[in-house]
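Inspection log for the structure reproduced underneath, given as structure tokens.
A short reminder: the numbers here are calculations on the coordinates, not readings from a lab. Every value quoted in this text rests on a predicted model; they were computed, and no experiment measured them. Counting neighbours? That spans all protein chains shown, and the Cβs are built from the backbone with ideal geometry, glycine included.
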């Protein structure tokens, strides 16, 4: 099984459907056992939907906070 950091590192590619079949299977396995990363996946889907609608409104504070946290993790 892959680590949380590896699953998160590949999260956007996973959401985009651009990871290899092997990586997708590893991420799927991880997500089946890791509640925290499932939350990150849910957030990615929510953010993607928000951006798809044109982001007409300001980002809610909790979404902005989670986005900043995710970006910080990706930088580190």
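All alpha carbon pair distances within the chain were sorted into 10 Å bins beginning at 0; the resulting P(r) in whole percents reads 18, 49, 28, 5. Taking Cα atoms only, the orientation of helix 21-31 departs from the longest principal axis of the chain by about 70 degrees. Between the helical axis of 35-52 and the longest alpha-carbon principal axis of the chain there is an angle of about 40 degrees.
Were the residues from residue 33 through residue 6 laid out at 0.36 nm apart, the gain over their Cα-Cα distance would be 8.3 nm.
Taking Cα atoms only, the orientation of helix 61-75 departs from the longest principal axis of the chain by about 40 degrees. Between residue 67 and residue 25, the C-beta separation translates, for a Förster distance of 22 Å, into a calculated FRET efficiency of about 0.20.
Label positions at residue 16 and residue 58, each projected 7 Å from the Cα along the C-beta direction, are separated by 3.0 nm.
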